[in-house]
């Protein structure tokens with residue numbers, strides 16, 4: 001009899017090692033309480049197709065969160081494991097159907113589970129009590145003044161103290177003298193000074209004619225752009241002269257400018 005009992009006790013373990021199993025952390029839960037359903041397969045073959053868990057297991061059992069399939073070592077053997085948090089909001093005994101695993105063309109299922117969902121325990125009914133009369137809350141001006149008056153006075157005193165401190169600091173702070181406003185030089189003064197600087201570099205005397213003409217032309221175009229509000233630096237000579245014919249530039253300066261550019 002002992003041998004038979006030992007053999008019968010080893011059968012579930014052998015079956016569990018040969019295929020997938022599903023078990024609950026508790027078979028009895030209160031309504032809305034979370035339970036953890038665990039799917040495991042020890043020494044699972046390669047290419048196993050794990051069951052897909054949706055939002056519900058049955059009409060009464062809802063899935064709160066489905067974790068990922070992890071590999072853990074249990075007694076030296078690699079085990080695939082997935083933890084699923086479930087709950088139920090209807091009291092009663094509810095069955096969880098088997099989970100189907102596939103390895104190639106072969107399908108293997110776990111055993112079904114049964115869970116009991118109980119209602120929340122209610123306190124024993126107390127004795128009936130007499131109905132209280134109508135109570136008028138003390139919400140008059142006097143009550144509000146007694147309750148909130150000290151806080152209002154403290155707040156007003158704090159605000160007055162801060163304002164007085166800021167005013168005192170403002171009086172002690174020296175008045176900063178206004179910085180002198182720099183008067184911008186007229187554009188022709190600046191351009192003439194820049195032309196004199198270019199002339200002092202003696203570029204054309206040293207054979208750098210192209211650089212000399214480019215610098216002088218850029219200064220002239222910059223002056224025209226600032227003086228007549230014409231984008232001279234972005235226009236070709238023909239485009240620039242067409243725009244200058246419509247402004248206040250006299251005819252003779254236009255001819256000279258065309259020849260120079």
Worksheet item: Between rounded, prolate and oblate, where does region 177-261 land on the alpha carbon gyration tensor, with a ≥ b ≥ c its root eigenvalues, rounded for a/c under 1.5, else prolate if a/b exceeds b/c?
Response: oblate
Worksheet entry | Taking region 11-145 and dividing mean pair separation by its residue count, relative contact order in percent (alpha carbons under 8 Å, at least six apart) | 26
Worksheet item: How would you classify region 73-163 from its alpha-carbon gyration tensor, with a ≥ b ≥ c the square roots of the eigenvalues: rounded for a/c under 1.5, else prolate if a/b is greater than b/c, otherwise oblate?
Response: oblate
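Looking only at the chain, where both bridge partners belong to it, what percent of the DSSP beta bridges are antiparallel (to the nearest 5)?
Working: 34 of 37 bridges.
Antiparallel: roughly 90 percent of the beta bridges in the chain.
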Worksheet entry | Two-site label geometry, residue 85 and residue 23: point separation in nm, points 7 Å out along Cα→Cβ | 2.2
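How do 153, 122 line up, fewest other C-beta atoms within 10 Å first? Don't skip to the answer; put the middle values down first.
Numbers: 153 10, 122 6.
Fewest-to-most ranking of 153, 122: 122, 153.
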Item to complete: With no solvent and one equal point scatterer placed on each C-alpha of the chain, evaluate the Debye formula and give log10 I(q)/I(0) for q = 0.11, 0.13 Å⁻¹, two decimals.
Response: -0.86, -1.05
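Suppose R0 equals 30 Å; then what is the FRET efficiency for residue 70 and residue 31 from their Cβ-Cβ distance, rounded to the nearest 0.05? Numbers along the way, then the final one.
Working: r = 30 Å, r/R0 = 1.00.
The calculated FRET efficiency here is 0.50.
Does region 2-118 come out rounded, prolate or oblate by the C-alpha gyration tensor, with a ≥ b ≥ c the root eigenvalues, rounded set by a/c under 1.5 and, if not, prolate when a/b is larger than b/c and oblate if not? Before the final figure, lay out the partial values.
On the way: a/c = 1.99, a/b = 1.35, b/c = 1.47.
The shape class here is oblate.
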Worksheet, complete the sentence: Of all DSSP beta bridges having both residues in region 2-118, the percent classed as antiparallel (nearest 5) is 90
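Efficiency by 1/(1 + (r/R0)^6): what FRET value for residue 185 and residue 206, r their Cβ-Cβ distance, R0 = 25 Å, to the nearest 0.05? Walk me through the intermediate numbers first.
On the way: r = 30 Å, r/R0 = 1.19.
E between residue 185 and residue 206, to the nearest 0.05, is 0.25.
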Worksheet item: Using the alpha-carbon centroid of each, what span in Å lies between region 105-171 and region 236-261?
Response: 81
Worksheet entry | Distance in nm between pseudo-label sites at residue 227 and residue 193 (7 Å out along the Cβ direction from Cα) | 1.7
Item to complete: Quickly work out the residue 234-to-residue 43 label distance, labels modelled 7 Å from Cα along the C-beta direction, and quote it in nm with one decimal.
Response: 8.0
Item to complete: Report the extension gain between residue 63 and residue 106 in nm, rounded to one decimal, defined as 0.36 nm multiplied by the number of residues separating them, less their alpha carbon distance.
Response: 12.8 nm
Discussion item. Could you give the length gained by full extension between residue 252 and residue 77, i.e. 0.36 nm per residue of separation minus their alpha carbon distance, to one decimal place?
Written reply: 52.9 nm
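Just so you know, all these numbers are worked out from the coordinates, no wet-lab data involved. The structure presented is a predicted model; accordingly, all values stated were derived computationally and were not measured. In this analysis, Cβ positions are derived from the backbone assuming ideal geometry, glycine residues included, and neighbour counts consider all displayed protein chains.
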